[in-house]
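Working notes, beginning with the structure itself.
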Amino acid sequence: MKKYIYALFIVATHFFYAQEENTKWTGSRPDGHAPISVMGDHTHGKGEVMFSYRYMYMNMEDLNRGSENVPFSNALRPNDVYMVTPTSMPMNMHMLGMMYAPSDKITLVAMVNYLSSEMDHITAMGGTFTTESSGFGDTKISALYKFFNKNKQQLQAQAGISIPTGSIDKMDIIPASAPNQVILPYPMQIGSGTWDTELALTYLKQWNIISYGAQARTTLRIGENDNEYRLGNKYSFNNWLAVKAADWLSFSGRVELGAIDKI
Ligand SMILES: [Cu+2]
């Protein structure tokens with residue numbers, strides 16, 4: 001499956017005691033935040049608290065063989081061995097986050113999310129059906145450490161864990177199993193099932209009306225889950241630019257390079 005569409009919104013509340021110092025990078029400018037899908041992009045000053053709500057919609061559709069787009073019939077009998085192939089998978093994600101800085105150097109981050117997904121299928125006989133799963137996902141707790149902030153540049157590291165609170169036992173009825181439920185495939189499971197390590201390194205730079213950021217991030221999965229598999233490790237490299245249009249408005253965009261290991 002490929003082709004995905006992101007829709008992202010944020011409602012964030014800041015309780016800040018902003019100190020505008022001309023020589024420092026600052027998150028209190030509207031362009032002091034990365035595009036919303038980048039996590040751990042900023043730190044807070046001592047005593048600051050931030051709550052966030054993020055919503056993401058992602059739809060995946062079409063079928064690829066290698067990197068080539070192929071019709072669904074290519075995967076189905078008599079062309080191939082499969083009885084069923086997925087055709088699209090829309091997903092909704094609600095993310096609640098909290099940040100708190102016990103000191104100027106350290107910011108603590110906690111995140112929980114609620115996921116609901118559907119997967120549409122077509123069968124070799126031409127029938128269609130849809131499966132559904134939803135629930136609270138894995139819980140992420142991490143700490144951001146600020147190495148330095150000078151000359152309008154900041155460097156920070158993030159280290160954390162993902163606690164496997166999300167289900168890996170989601171089931172639904174498919175035509176071949178009715179009236180019984182069967183276990184749903186990997187992408188329809190809510191959690192990873194493993195304790196995962198999250199590590200990131202972020203560099204930030206600000207000019208008068210422009211901010212730049214770069215972040216390398218990895219998710220390393222530990223061991224196997226209760227269903228005897230492990231999702232692939234994830235690696236990503238993000239680059240973003242934000243332009244300050246007014247004291248309350250900025251525009252930003254990012255380019256991400258990513259890789260995921262095999263399950
Ligand atoms: Cu924050």
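Every number here is computed from the coordinates shown, using simple stated rules; none is lab data. Note that the coordinates shown come from a computational prediction; the quantities given were computed from them, not determined experimentally. Heads up, the Cβs are rebuilt from the backbone with ideal geometry, glycines too, and the neighbour counts pull from every protein chain shown.
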### Message
Which one, TYR235, ALA200, GLN154, projects farthest toward the positive side of the charge dipole computed for the chain from Cβ point charges (K/R +1, D/E -1)?
### Response
GLN154
### Query
Once the stretch 2-260 is represented by equal point scatterers at the alpha-carbon sites, with solvent omitted, what log10 I(q)/I(0) does the Debye formula produce at q = 0.07, 0.10 Å⁻¹?
-0.31, -0.60
#### Entry: Projected label distance in nm at ASN208 and ASN59, using a 7 Å step from Cα toward the beta-carbon
4.3
### Summary
With +1 at each Lys and Arg Cβ and -1 at each Asp and Glu Cβ, the charge dipole magnitude of the chain around its Cα centre, to the nearest 20 debye, comes out at 900
## Note on the structure
The residues VAL84, VAL182, sorted from fewest to most surrounding Cβ atoms within 10 Å, come out as VAL182, VAL84
### Message
With just the Cα atoms defining each centre, how far is the stretch 155-176 from the stretch 51-122? Give it in Å.
### Response
11
### Message
On a 20 Å Cα-Cα criterion, which of the cross-link pairs LYS140/LYS205; LYS140/LYS234; LYS24/LYS244; LYS205/LYS244; LYS24/LYS105; LYS24/LYS146 come out too long?
### Response
LYS140/LYS205
### Query
Taking amide hydrogens as modeled 1.01 Å from N in the peptide plane, which residues meet the under 5 Å criterion relative to ASP41, leaving out close sequence neighbours?
none
### Task
Sticking with the crude label model, points 7 Å out along Cα→Cβ, report the distance from PHE147 to GLU68 in nm, one decimal please.
4.6
### Query
Under a plain spin-label model, where a point goes 7 Å from the Cα along Cα-to-Cβ, how far apart in nm are GLU228 and LEU201?
3.9
### Task
Rounded to whole Å and sorted largest first, list the principal axis extents of the Cα atoms in the stretch 139-263.
63, 30, 23
### Query
Each residue of the stretch 220-233 in turn: what ³J(HN,Hα) in whole Hz from Karplus with 6.51, -1.76, 1.60 and θ = phi - 60°, glycine and Pro shown as x?
10, 8, 10, x, 10, 8, 5, 9, 6, 9, 9, 5, x, 5
